[in-house]
Each structure stands twice: as C-alpha cells, then as structure tokens.
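Quick notes on the structure that follows.
The values are calculated or read from the model by the stated rules, or taken from the named source; none is laboratory data. Computed from a predicted model, the values in this text were never measured in an experiment. In this analysis, Cβ positions are derived from the backbone assuming ideal geometry, glycine residues included, and neighbour counts consider all displayed protein chains. Heads up: the accessible areas ignore ligands, DNA and RNA and are worked out on the full protein's heavy atoms, side chains in. Shrake-Rupley method; radii C 1.70, N 1.55, O 1.52, S 1.80 Å.
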Amino acid sequence: RLMGKNYIKWLRSKVGHEDVILVAAGAVVEGPDDTILFQKRGDHKEVVWGLPGGMMEVGETAEQTMRREVKEETGIDVDIQYFLGAYTNNPVASYPNGDKAHVILFIFVCKPSGGMLQPDGKETLDVRFDTPQNIGPLFPRHTQVIDDYFSKRNGVVR
C-alpha cells in the first residue's frame, strides 16, 4: 500500500513513462495594483514563469494541495477568495525524464495571509508580484488560467 508523499514516484514504479492522469492544484495569489504572484520555475531548462501549485497526494483535497504547494514553493500562507476553475483541456505534457501526463488543474484565487515570500530554491528559483506583461515567458499550462483571472471569470470548466 502507498504511504507518505511519493505518489508520483510510486505510480511511475508501476507504469514507467506511460501516459497517466495527474491532478494538480494551484493559486492565483492577488497582490497590490492588479499584480499576481509569479514563480520562476526550477523544473525547466529554459526560463519559465508560472503560478504556484503542484500535484495532489493521496488523501488530499484540491484546497489542501494548493495550500501546501503555495507554502512549500513561495513561503506564504493564503486565504481563498473564490474558485477560479477546473482545467481539464491541457495537452499531454512530456517531462525531461520521459514521463507523460495529462494534468487536471484546479485553481483558486487567493490573498496572502501570512508567512514570508521566499522561493524554495528547487521548484521555485524566484517569486514576485507582477503583471503578466512584465514577466518573462509563461508556463503554457497557466496562460489560459491567467487570461481567465484577468477577464474576471470564475467557476470555469475547460
């Protein structure tokens, strides 16, 4: 039986690099003056910015996943303002190690509520509140999310 926080490692030990469905949760964290929190991702060779979040572990809710991942990657705690949406239309992602996954993404709009903004140095190389126009290249899976947020949508299902 699977125990602990290594679901993806356990799953990959069973299926290798085959296509799998994974569930992730993340946040659009609102900052001052129409900015949102961006993270410079450490899991790509090229420079890519995106939203904080990550993969669900067995037994977690989407909200718990989002809160844990935001805290791990950015150092801050958040209060949920509303549910932005569920994104099921992401293309199958190919990872540098050969893994392939169709990622289902749940996104919450949040405000910071505590902690200190600090990248973890592994998954997140830098964090800052900014506008999409001032940020470098965006993680493709997050562009529709960011567009939906700035278009004032909520309850989106894609």
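Under the combined filter of DSSP loop state and at most 15 neighbouring Cβ atoms within 10 Å, region 36-110 retains these trypsin sites (Lys or Arg not before Pro): K45. Comparing mean-square fluctuations of D43, D33, D19 from a GNM of the chain with C-alpha springs under 10 Å, the top value falls on D33. Rounded to the nearest 5, the antiparallel percentage of DSSP beta bridges internal to the chain is 65%. Measuring nothing but how far apart in sequence close Cα pairs (under 8 Å, 6+ apart) lie, relative to its length, the chain scores a relative contact order of 31 percent. With R₀ fixed at 25 Å, the C-beta to C-beta distance from V157 to I8 puts the FRET efficiency at about 0.50.
Projected onto its three principal axes, the C-alpha set of region 31-80 covers 32, 31, 15 Å, listed from the longest axis down.
Axis angle, to the nearest 10 degrees, between helix 140-150 and the longest C-alpha principal axis of the chain: 30 degrees. Could you list the chymotrypsin sites (Phe, Trp or Tyr not before Pro) in region 58-156 that lie in coil according to DSSP, counting only those with at most 13 other Cβ atoms within 10 Å of their Cβ? Filter output for region 58-156: empty list. A protection proxy built from the mean count of other Cβ atoms within 10 Å ranks the segments 51-59, 24-32, most packed first, as 24-32, 51-59. Per-residue SASA remark: S13, around 80 Å² accessible (1.4 Å probe; ligands, DNA and RNA not included). For the listed residue pairs K45/K152; K45/K100; K9/K100; K111/K152; K14/K40; K71/K111, the alpha carbons are over 23 angstrom apart in K45/K152; K14/K40. Helical content of the chain, expressed as a calculated mean residue ellipticity at 222 nm, amounts to -6500 deg cm²/dmol (DSSP H runs of 4 or more residues, -39,500 (n - 2.57) each, divided by residue number, nearest 500). If you model the chain as an ellipsoid using its alpha carbon gyration tensor, with each semi-axis the square root of five times an eigenvalue, the axes come out at 24, 17, 16 Å, biggest first.
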